[in-house]
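Read through the structure below, which is laid out as structure tokens, and then see the notes.
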Amino acid sequence: MVSVPNVDRAAVAPPPGPFRSRMKKRLGPDIDGYGFLLPATIVMVSLVVYPFCLAVWFSVSDAFVGEPASYVGLENFIYILTEDDIFIETIWNTLLFAFWSVLFKVVLGLSCALLLQRILKLRRFFRGSVLLPFVAPTALSTLGWWLILDPTYSHINWILANVWPFSYFGWGPYNFLGNPTLAMASVIFVNIWRGIPFFIITILAGLMAIPDHLYDAAEIDGASTWRKFYSITLPLLRPVLAIIILFSTIFTLGEFNIIYVLTRGGPMNSTHLFSTYSFTYGILNHEIALGAAVALFLFPILVVIVVFLLRMVRRDTSHEL
Amino acid sequence: MVSKTKLTQKNETLSTGAPSRRKFLKGTAAASGGLAGILAAGIAPATAQTRELKMLTNSHFVPASDVELERQLAEFGKAAGVKTRLDRVAHLQLPAVLAGEVQGQKGHDLVSVGNSNPHLYSKHLESVDDLYEKIGKAGGGWTDGTVGKGSDGHHKAIPWFFISFPLALRTDLIASINEDIPDTWDDVHRVGTKLKAKGHPLGIQIAHSVDSNMILRGIMWSYGAKLVDEDSKTVAVNSKESVEAFKFIAALYNDAMTDEVLAWDDRNNNVCLNSGKCSMILNPISAYRSAIKAGTKDKAGNLVHHSIQHVMPPTGPAGRHMAASFNNMGVWKFAKEKELAKEFMAFHFAKDNAEKHLTASKGYNQPVLAGNALHPLYASNSKYYFAPFIGWYTHAIGWPGVPTAAVQTVVDQYLLPDAVATVAVGKASAEDAVKKLESQMKRIYRRAAKREG
């Protein structure tokens, strides 16, 4: 066996060069750590920080395709807030869309996850099946919904008119995409359909992580099913719920495909969201500055939501079970 | 372990393979001298020169049209001794690709620029006034002089073709109520009302769709209303003619249509006509063509396309007017092959080639050149009899002014269809809707005027 002499490492290591020693003095002994961080930092700066800063710059400039941009301060934000009535409608639409979509996704996702946890037969089949809406490309699956909700030959209207027992009630036909209220309800429904697998699978993972002995103890104490859910399941799921609500809120507020395929913001702008309106301004109208201002209008709202939810997660995970 | 002998051999090989200092200096001097020469001349040596004419357009919904265009490019390239390339993108992606090329100041030489793009990209497109005059003279004049104009008054693109909106109707359904083919908007209202009662409504989109923007403009113009003045800058929508037009469209909606038109896209009216539900639509010949292609039959087993007819868009109190999407061909200022691109345009717009392109498109690509509109294809089928004449009644979206960037914003934001829809569903009076539309348009025009200085 080779014995390792107990020598001072600093004495063996070659003396640092002048640059290295200068950097060490400045950054401390962990200079190598900074080196290891560099690739990730470059990726973050080039793919996240730079595009974001560019968007911020666009929003406070008069950027127009092919024209040199100059700084205009908050002029774009003032314009969309004070002069553009469609944008005001868009704010309301976006908040309505995000609120109902996320709420239903949480409630239905939690219910389905609890159900799936209890299913013993064909468990893999059901767990795999719920992922289908999530796996299919959004544009493709939305095309399916486009036909199902078609204004002239909606599959749903056909079923309501021709298939018993629905035909008995004489319901419909409904103009799913032509009536402002129904159009908003339709796009919310498709968003829920699309996003719910993410909730189910994540909540299911959270449910499986809850130790069984807690339920056993509660059962010995005579707790009802509702009490067990309220006092064990829900509190222990809170960090998971907070994270998926956070992600879902961000994705839902930025939804584009569903609106673009189904309604293009109509009827009468009742389904325009920030993303579709930003696209109209930035790409179709070449008003890059206004497009960026519309898109960035989300940012303060998102920051508030992120701070609130992350605080909740930190509070929930900062104590031992 | 590497033996000492092997190491020595390796070093020897390395030393003999590496160039000596003298050799290296000689080589780099020669190379830099050559490169400097090429840079100074600004052209590649003859052996390395490959001129290429690149064209960008959107994929045509009749693929044969693109095939013919590509063939003409290749033929031109062969004669000119250059390589040619035709790039196609989905029509909804074209604005983004064009914007990207302008932003980056590089890309294709020749580009397909729709409606108001020549005005929007005025600073980035070559002026083609001479070519416009030359082609126009040879082709019997242009049916619409506003198309292809830039913000500086020069022609920035050559009007290529337009997709017209005749009245497409089911002659069998109209005959079933003992009516004649409608010629005026009042006729359309009367016939449509009768046919709606029999389950065959009229179908005009009042929605976020291209067709809606075009047809509603046509009705407005036929009622003497205009969205902007001839100067293309003054918003002129708030007039009693506009109010009348709005009221008429609302009556048309309530009496002759169903609410599904509020959600229609550009496909729905085709389906509605061919399925036997709709009696009349305003649409390019695509419904008819797809009925032929699919061999669609009615309930009695008759081929539907036999009973589809196209007639001129209806006339109103102020005459017969309709809007259309115009395609133009332009050359970027930053293009590498500007002259070559212009030469190709002259080649493509020559009567023979223009006719071949129209034939390949099965008649969709209606020429803005009056002489080319009298095409044998349109004489071969009574369904196309409207085609040679509709150009005189068809205008670009900015009419009576030129199609500007501001009017394109009005179109892209669907301001007119939305304003009409609020009146149709009873959410606003015609007067209020017109006023609101005026205020929306004014803010867009104010912003455009500020930007254009």
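The values are calculated or read from the model by the stated rules, or taken from the named source; none is laboratory data. None of the values given here were measured: they were computed from a predicted structure. Cβ placement follows ideal geometry from the backbone for every residue including glycine, while neighbour counts extend to all protein chains displayed.
At-a-glance table
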| quantity | calculated |
| --- | --- |
| Some residue of segment B:230-243 being surrounded by 24 or more Cβ atoms within 10 Å (Cβ to Cβ) and under 20 Å from residue B:390 (Cα atoms) | no |
| Qualifying residue in segment B:241-264 (condition: within 21 Å of the chain's Cα centre (by Cα), without any contact (Cβ under 8 Å) to a residue 40 or more places away in the chain and part of a loop (DSSP other than H, G, I, E, B)) | no |
| Helices (runs of 4 or more DSSP H) wholly inside segment B:362-421 containing at least 2 residues that are β-branched (Val, Ile, Thr) | B:405-412 |
| Residue list for segment B:197-234, restricted to those being within 14 Å of chain A (Cβ to nearest Cβ) and not in a loop (DSSP other than H, G, I, E, B) | B:202, B:203, B:210, B:211, B:212, B:213, B:216 |
| Complete set of residues in segment A:135-168 that are touching a residue at least 12 places away in the same chain (Cβ under 8 Å), more than 13 Å from chain B (Cβ to nearest Cβ) and of a type in the set (Gly, Ala, Ser) | A:141, A:161 |
| Count - residues of segment A:268-308 that are assigned to a loop (DSSP other than H, G, I, E, B), in contact with an Asp or Glu (Cβ under 8 Å, 6 or more places away or on another chain) and either in contact (Cβ under 8 Å) with a residue 12 or more places away in the chain or more than 9 Å from every other protein chain (Cβ to nearest Cβ) (or both) | 5 |
| Spans of helices (runs of 4 or more DSSP H) in segment B:1-118 with at least 3 residues modelled with pLDDT of 95 or more | B:63-80 |
| Hits in segment B:325-353 (condition: part of a helix (DSSP H, G or I), among the acidic types (Asp, Glu) and in contact (Cβ under 8 Å) with a residue 40 or more places away in the chain) | B:343 |
| Test: residue in segment B:169-179 that is touching a residue at least 24 places away in the same chain (Cβ under 8 Å) and of a type in the set (Ser, Thr, Tyr) | yes |
| Subset of segment B:265-295 that is free of Cβ contacts under 8 Å to residues at least 40 places away in the same chain and more than 14 Å from chain A (Cβ to nearest Cβ) - its residue that is nearest to residue B:365 (Cα to Cα) | B:290 |
| Criterion violated by residue B:445 - all others in (1) assigned to a helix (DSSP H, G or I); (2) facing chain A (nearest Cβ under 8 Å) satisfied | (2) |
| Criterion: in contact with a Gly (Cβ under 8 Å, 6 or more places away or on another chain) and in the same structural domain as residue A:112 (by TED's automatic domain parsing) - qualifying residue of A:173, A:151 | A:151 |
| Number of positions in segment B:143-178 that are over 25 Å from residue B:216 (Cβ atoms) and surrounded by 15 or more Cβ atoms within 10 Å (Cβ to Cβ) | 8 |
| Tabulated pairs, segment A:28-43, first on the phi < 0 side of the Ramachandran plot, second of a type outside the set (Asp, Glu) and in a helix (DSSP H, G or I), C-beta under 7 angstrom, 6+ apart or interchain | A:31/A:23; A:31/A:24; A:34/A:27 |
